[in-house]
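Accompanying notes for the structure given below.
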Amino acid sequence: MTSLKNDMRTDISHLFLNIRFELKKHLNRKRIVLVVALAIALPILFYAIPPLLGGDYADTANAFASTNLGFITLLIVISGALFAGDAVSGEFEKKTGLTLFSTPQRRTSINVGKFAAALLATWFVISVYYLVTMLEIAQIFGFGAISVEFGMSFMLALIYAASVVAVIFFFSTIMKGTITSTLIGFFLLMLILPIIAGVLQFADVEPWFLVTYSSDVMTNVLGTSTGGFGSSGPAQRIGGGFSPDFYVGVGVMLAYAISLFLIGIGLANRRKME
Amino acid sequence: MMKTRYVNTTFAAAIAVGLVLFAILGMVPNASAQNVGISGMTFSGANPSDGDVITISVTVHNNATFAISNVTLAFYVDYVEIENITGINLEANSSSNQEIDWTTESGTHTISAMLRVNDMPLPDTEISSEIEVTLGDPGTLIGALILIVAVVFITPLVPSIFEKLKGQNSRRRE
C-alpha cells in the first residue's frame, strides 16, 4: 500500500514537472504572450469602436457581453492549435522525444503533462478575455450589472476549451508533422464542422452531436432580447435554425473532451520513435 | 341680407352635422379603448428555466355599460405575436381571465398582451411584463469542470494502480 502511495506521489510530481516544463516552453516561444495580446485587444476593439464611430453600446450588460464574446470561439481554437497542435507530434518530428522518453518517468505523465499545460494555457487566455470584458461591463454598466449568466458563459468557455484542446491533441498524437496536426485541428473546428452543421441544419437535422454547434451555448446563456412593437417583425424570428440545448451541449463538450483526451493519451503512449 | 342669413344657417348646420358625425365615428374606438382593457399579467413560474412550459394569464375587463363581443386577445413575446384568443365576449361591467401556455426560451423577454376589435389593434390596452428565463444552472458547469480536472489528474495514476492490482512492483522509471 505504501509503495502504491509512493508511486502515485511520484506520478503526480512528474506530472507537475511536465506541466511546468511545457508552460515554460510556451512562454519561451512567446506563444502565450501572442495569444494574451489578442485576448486583450479583441474586447478592447468592441469597447473603443462604438464611441469612436458615434455609436452606442448595447442596452444591457449581457447584450454587450454577447457582442463582445463574438470572437471567443476563434480565440479558443487559435489557443488550442498553438498550445496543443505540436504537443506530441513535435517530439517525433524534431526527434526530441529520444531524450524526453528515455527519462525515468512514465509516458502517461509526460503526455498528460503536455495536455494539461495546453489546457491551462488556453484557460488562462480565456480568463484574460473574460476579465477584460468584465472590466468593460463594470465601467459602462457598473459592477452590479455583472450577471450570473456571464459567469456561466465563462465556465462554458472553459469546458469548450477542454474539448477543443482534446480534439487538437488527438490529431497531434496521430499525425507525423506538427504543421499538419495543427492545421487539421484548426480547420476541422473552424471550417469543416461548422459547414457540416450548416448543411445538416439546412436539411432540417439538428447537429447536436457536433462540438462546434454546442459551443453556441456560450453566448446563448447570456440570452438577450431587443425591439418593440414595430421595430421587429416575425420575419426576423423565422429561419434562425436550431439552438443547442444547454445540457446536451455541455454533455457533448464533455464527451469530446474526455474521450478524445483518453484516446489521445492511449495513442501517444503506444507511439514509437522511428 | 336674406341670402347671407341662409348661408350662415347652412354653414352652422353643416358644422353641427360634421361634429355629430365626428363624435359618432370617433366614439367607437374611443369607447373601446377607454372601457375595455387588460390587467394583472401573471406567470405560473417565478424563475423558469429554458424549455419550461409556463402559463401566462391576464384579466380582460369591460367597464362599459354595454356588452362587447368578438374581441381578440393577442399575446406577444419580444413584440412578436405568439398566440391569440378570439371571440371573447364580455357583458357590461364584467371581466374574464384568459391564459395561454408558452414554452420558454432563455434570456430576458418582454411578454405583452393587446386587444383587437375587428382586427384593429387597440394600443391603449397593451400590457407588458418582463420575464427572465435562465439557461441551465451553474452547478452543472462546476460539476463538468471538476470532472475534466479529475480525469486529467487521475489518468497519470492509472498505470501505477493497474501495476499494483496485477502485483507488479517493477516501475520502468526505477
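Just so you know, all these numbers are worked out from the coordinates, no wet-lab data involved. Owing to the predicted nature of the structure, the values given are computational and were not obtained by experimental measurement. Note that each Cβ is placed from the backbone with ideal geometry, even for glycine, and that neighbours are counted across all protein chains shown.
Which pairs break 26 Å Cα to Cα here: A:Lys5/A:Lys25; A:Lys24/B:Lys164; A:Lys25/B:Lys166; A:Lys24/A:Lys94; A:Lys114/B:Lys166? The partial results should precede the final answer.
Details: A:Lys5/A:Lys25 30 Å; A:Lys24/B:Lys164 33 Å; A:Lys25/B:Lys166 37 Å; A:Lys24/A:Lys94 18 Å; A:Lys114/B:Lys166 28 Å.
Long pairs (Cα-Cα over 26 Å): A:Lys5/A:Lys25; A:Lys24/B:Lys164; A:Lys25/B:Lys166; A:Lys114/B:Lys166.
Of the options A:Ala138, A:Asn6, A:Gly249, report the single residue whose Cα projects farthest towards the positive end of the charge dipole of chain A (beta-carbon charges: Lys, Arg +1; Asp, Glu -1).
A:Asn6
Computed on alpha carbon atoms, what radius of gyration and Dmax characterise the range B:80-130, expressed in Å?
For the range B:80-130, the Cα radius of gyration and maximum Cα-Cα distance read 12.8, 40 Å.
HN-Hα J couplings of the range A:125-135 from phi, Karplus 6.51/-1.76/1.60, θ = phi - 60°, integer Hz, Gly and Pro as x?
Working through the residues one at a time gives 4, 4, 4, 5, 4, 5, 5, 4, 4, 5, 5 Hz.
What is the average number of partner chain Cβ atoms found within 10 Å of a Cβ in B:138-151?
Details: counts 5, 0, 7, 12, 2, 2, 11, 7, 0, 5, 12, 4, 1, 7.
For peptide B:138-151, the averaged partner shielding equals 5.
Among A:Ala116, A:Leu17, A:Ile49, whose Cα projects farthest towards the positive end of the dipole of the range A:1-141, with charges put on the beta-carbon of Lys, Arg (+1) and Asp, Glu (-1)?
A:Leu17
Which value, in debye to the nearest 20, gives the size of the charge dipole of the protein assembly as shown about its Cα centre, when Lys and Arg are +1 and Asp and Glu are -1 at the Cβ? Before the final figure, lay out each step's value.
Values: 26 positive and 32 negative charges, 611 e Å.
Dipole size: approximately 2940 debye.
How many partner chain Cβ atoms sit within 10 Å of a residue's Cβ in peptide A:242-249, on average, as a whole number? Intermediate values should be presented prior to the final figure.
Working: counts 0, 4, 0, 4, 10, 6, 0, 2.
Taking the mean over all residues of the peptide, I get 3.
Pop the C-beta distance of A:Met190 and B:Asp52 into the FRET formula with R0 = 41 Å and round what comes out to the nearest 0.05.
Values: r = 34 Å, r/R0 = 0.84.
Between A:Met190 and B:Asp52 the formula returns 0.75.
In debye to the nearest 20, how big a dipole does the range B:36-133 give about its Cα centre with +1 on each Lys and Arg Cβ and -1 on each Asp and Glu Cβ? Numbers along the way, then the final one.
Numbers: 1 positive and 14 negative charges, 84 e Å.
With only Lys, Arg, Asp and Glu charged at Cβ, the dipole is about 400 debye.
Give me the one-decimal nm value for the distance between modelled label points at B:Ile127 and B:Ser39, 7 Å along each residue's Cα-to-Cβ direction.
Spacing of the two 7 Å Cα→Cβ label points: 0.8 nm.
Within a 10 angstrom radius of the beta carbon, how do A:Val217, A:Val77, A:Val250, B:Val77 rank from fewest other beta carbons to most? Walk me through the intermediate numbers first.
Working: A:Val217 29, A:Val77 25, A:Val250 22, B:Val77 19.
Least crowded to most crowded, the residues run B:Val77, A:Val250, A:Val77, A:Val217.
Based on other C-beta atoms within 10 Å, arrange B:Asp119, B:Asp101 from fewest to most.
Ranking B:Asp119, B:Asp101 by Cβ neighbours within 10 Å, fewest first, gives B:Asp119, B:Asp101.
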